[in-house]
Amino acid sequence: MYKTQRMIAAGLCAGLFITITLALMMSCQVKDEKGSVNKKLKVVTALFPLYDFARNIGQDKAEVFLLLPPGLEPHSFEPKPADMIRLNQADLFIYTNPAMEPWAENVLKGIQTRSLHVLEAGRGIAMMADQDGQGRGGNKAGHGHEDGHRHDHDPGGRDPHIWLDFSNAEKMVDHILAGFIEKDPLNRDYYQRNADAYKQRLTDLDRQFRKGLSGCRKRVLVHGGHFAFGYLAERYGLKYVALSGFSPDAEPTPANLVRISKILKANDLHYLFYEELLLPRTAEMVAKETGASLLLLHGAHNISKEDFDRGVGFITLMQTNLEHLKRGLQCP
Ligand SMILES: [Zn+2]
């Protein structure tokens with residue numbers, strides 16, 4: 001009887017031991033799985049180009065999030081409480097520069113965490129002054145953009161669209177890479193390789209633009225949108241004329257509409273470019289008046305939900321831009 005009890009007890013102990021071991025193993029497994037998820041660098045970005053650069057550098061070792069909901073035209077963007085929570089839990093927050101995302105300053109004041117590394121991707125990249133005051137759209141009171149970045153706190157009237165010069169984009173990739181390495185030095189080589197490969201693609205893109213835009217019959221780029229392509233035009237020797245650099249609540253001035261129409265006619269241009277994510281009502285008006293056709297020129301501030309879901313990247317958007325530019329400017 002006593003022996004039987006001992007056997008039962010031993011059996012129970014063994015069973016319990018196995019159960020506990022199994023439970024521990026399972027809990028270890030869960031922990032491991034969670035651990036590996038947690039090991040991914042949490043990166044929050046403020047603008048589509050930054051998002052795309054960061055996901056190309058981080059690949060499967062980072063969770064990269066774009067703060068702007070896809071399709072949202074950035075000027076209506078206001079960070080929500082959920083965005084603040086996300087930033088609080090992130091390792092890295094990347095924005096372009098204070099001229100592009102003036103809201104970033106206020107948002108960061110609300111961040112409690114000390115582990116969040118804040119990175120200005122455009123740090124040290126000289127911003128161009130408005131050409132002939134075009135960025136101000138003739139409105140000296142302020143020259144915020146329809147798409148949400150107001151420059152009126154920037155007394156120098158600097159153009160924040162630095163990513164549309166691909167040599168600047170390469171510098172931004174370098175800055176983002178440095179942020180990744182600072183937060184996750186163990187994967188330094190991995191991030192470095194990815195950044196190098198991406199920069200090579202940007203170099204190739206630059207070469208394609210230079211070659212593609214070298215022999216065009218027309219050298220005037222007329223844009224029925226806000227002043228965004230100054231860097232691109234400068235780099236490839238085009239004259240850039242934008243309809244507006246107006247503040248979100250302003251309309252393009254009638255004088256500017258007349259000016260754009262005159263330039264189209266004087267240069268015998270058959271195409272007017274329009275910008276992404278906004279109904280091109282004004283551009284349509286000018287096109288109708290002048291007989292020009294419309295072509296999209298994507299500034300890549302943000303992308304549509306459809307493009308986002310398809311995984312469209314910055315380089316693809318720019319390659320489409322090049323095709324449209326070649327058509328619009330009659331390039332060989
Ligand atoms: Zn813009």
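Where a number appears in this text, it was derived from the coordinates with a stated rule and is not lab data. Since the structure is predicted, the reported quantities are computational estimates derived from the model, not experimental observations. Using ideal geometry, Cβ is built from the backbone for each residue, glycine included, and neighbour counts are taken over all protein chains shown.
What three numbers, in Å, describe the spread of the alpha carbons of the range 214-328 along their principal axes, ordered from the longest?
Extents along the principal axes: 39, 39, 24 Å.
In the range 292-332, which trypsin sites (Lys or Arg not before Pro) fall in coil by DSSP and have 13 or fewer other Cβ atoms within 10 Å?
Arg310
At 0.36 nm per residue, minus the direct Cα-Cα distance, what do Gln208 and Met285 gain on full extension? Give it in nm, one decimal, please. Display every interim value, and only then the final one.
Numbers: separation 77, 0.36 × 77 = 27.72 nm, distance 3.23 nm.
Length difference between fully extended and current span is 24.5 nm.
How far apart, in nm, are two points set 7 Å out from the Cα along the Cα-to-Cβ line at Glu323 and at Gln59?
2.7
With θ set to phi - 60°, apply the Karplus curve 6.51 cos²θ - 1.76 cosθ + 1.60 along the range 226-243 and write out the HN-Hα couplings as whole Hz, x wherever there is a Gly or Pro.
7, 5, 10, 10, x, 5, 5, 4, 4, 5, 10, x, 9, 8, 10, 10, 10, 5
Give the lysines reachable from Lys39 as a straight Cα distance under 21 Å; neighbours fewer than 8 places away on the same chain don't count.
List returned: Lys31, Lys61, Lys183.
Evaluate the distance, in nm, between pseudo-label points positioned 7 Å from the Cα of Lys265 and of Lys305 along their respective Cα→Cβ axes.
4.2
Exceeding 30 Å between C-alpha atoms, which entries from my cross-link table qualify? They are Lys262/Lys326; Lys40/Lys171; Lys211/Lys265; Lys171/Lys265; Lys199/Lys305.
Over 30 Å apart, Cα to Cα: Lys171/Lys265.
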